[in-house]
Amino acid sequence: MLVNIAEDFSKVPAGRYHPKDGNRTGERFRNEFLEKLLRANDDKITVNLDGAVGYPSSFLEEAFGGLVRVGFPYETLKARLQITTTEPRKKRYVDQIWQYIQDAKDTALA
Amino acid sequence: MLETLGEGLGIFLIAFLGGLAGAVAKHPFSFLGKRVDHKTTSRETLERLVVEVLEEVRTLSVGYWSVDECDNQKAAGARIVALCDILPELYIELFEGDLTITRDLDIKLNRLTNVITGGTFQQADRKKDHSVISEMERHLMSLMVEIRLQKARLPYPWL
């Protein structure tokens, strides 16, 4: 399953919590796409970052780090979630997303 | 008479060949010189653009984190995100995609964006926070210094 954030959700993702921070938030993306697809079956999910004007850290942390907080184990995410981009300038977000997932895991364990 | 003619022809030939050799040799050196100038200018332009973008990020961030979340600062928040997204394009071009350099810069940029656009960034209940400005300054300077150092270490632009 492939999700392109810019095409399927918003070209300008922003904010953390839904609905108080707006309609393009990390929480909404997580609820309506990531969680939904992860719970639907055991397929791998590819999230493509191409096309957006940029990703604020608060959005990425809530969308991806939040997956650990709502109960998805780190190992499951590592096995089923793939983050991709064809834009060289967006490659840094891939590391950032995995760092947020790792940090959320470490916080949950602490 | 024939001997004089032979000598004249010899001198002519030597002069002609010397001139030809000079003309042939001059072309690639002049081409190389132009190429070096072009690359040097291009590097300087890219470095200047990187610095300009970082200065703009600094100004916007100071304004953004000096007040509580409000409509006036929403545009600044959006600009910060867009500028931080564009920045790697400039340093990837400057360092011609050298992965060792650009990976280090990505890590530093991620630290910077994590501070500026993380936490309560774009949250309705965000409060002004001067500690973000201090942290931003530290990471922004670290990134700027690294870019300038790496640029200074680039090999002479022969090729």
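The values are calculated or read from the model by the stated rules, or taken from the named source; none is laboratory data. No experiment lies behind these values; they were computed from the predicted model shown. Every residue, glycine among them, receives a Cβ derived from its backbone with ideal geometry; neighbour counts consider all protein chains shown.
Things worth noting here:
- Considering residues of region B:62-99 that are assigned to a helix (DSSP H, G or I), under 12 Å from the mean Cα position of the chain (by Cα) and of a type outside the set (Val, Ile, Thr) only, the residue farthest from the other protein chains (Cβ to nearest Cβ): B:LEU94
- Lone unmet requirement of (1) out of contact with any helix residue (DSSP H, G or I) (no Cβ under 6 Å at 6 or more places or on another chain); (2) away from every other protein chain (no Cβ under 13 Å); (3) more than 21 Å from B:ILE107 (Cβ to Cβ) for A:GLY22: (2)
- Total residues in region A:55-92, condition in contact (Cβ under 8 Å) with a residue 24 or more places away in the chain and touching a helix residue (DSSP H, G or I) at 6+ places or on another chain (Cβ under 7 Å): 22
- For A:ARG28, the conditions (1) without any contact (Cβ under 8 Å) to a residue 40 or more places away in the chain; (2) assigned to a helix (DSSP H, G or I); (3) surrounded by fewer than 22 Cβ atoms within 10 Å (Cβ to Cβ) all hold with the exception of (3).
- Counting the residues of region A:55-94 that are within 14 Å of chain B (Cβ to nearest Cβ), assigned to a helix (DSSP H, G or I), out of contact with any strand residue (DSSP E or B) (no Cβ under 9 Å at 6 or more places or on another chain) and surrounded by fewer than 17 Cβ atoms within 10 Å (Cβ to Cβ) gives 1.
- Screening B:ARG43, B:ARG111, B:ARG126, B:ARG103 for residues that are surrounded by 12 or more Cβ atoms within 10 Å (Cβ to Cβ), over 30 Å from A:SER58 (Cα atoms) and modelled with pLDDT of 95 or more leaves exactly one candidate, B:ARG43.
- Answer residue from region B:105-114, given it is among the aliphatic types (A, V, I, L, M) and more than 8 Å from chain A (Cβ to nearest Cβ) and is nearest to B:ILE133 (Cα to Cα) among those: B:LEU112
- Which listed residue, of B:THR59, B:THR102, is of a type in the set (Ser, Thr, Tyr) and within 14 Å of another protein chain (Cβ to nearest Cβ): B:THR102
- Some residue of region A:32-40 being within 14 Å of chain B (Cβ to nearest Cβ), farther than 24 Å from B:GLU89 by Cβ and surrounded by 20 or more Cβ atoms within 10 Å (Cβ to Cβ): no
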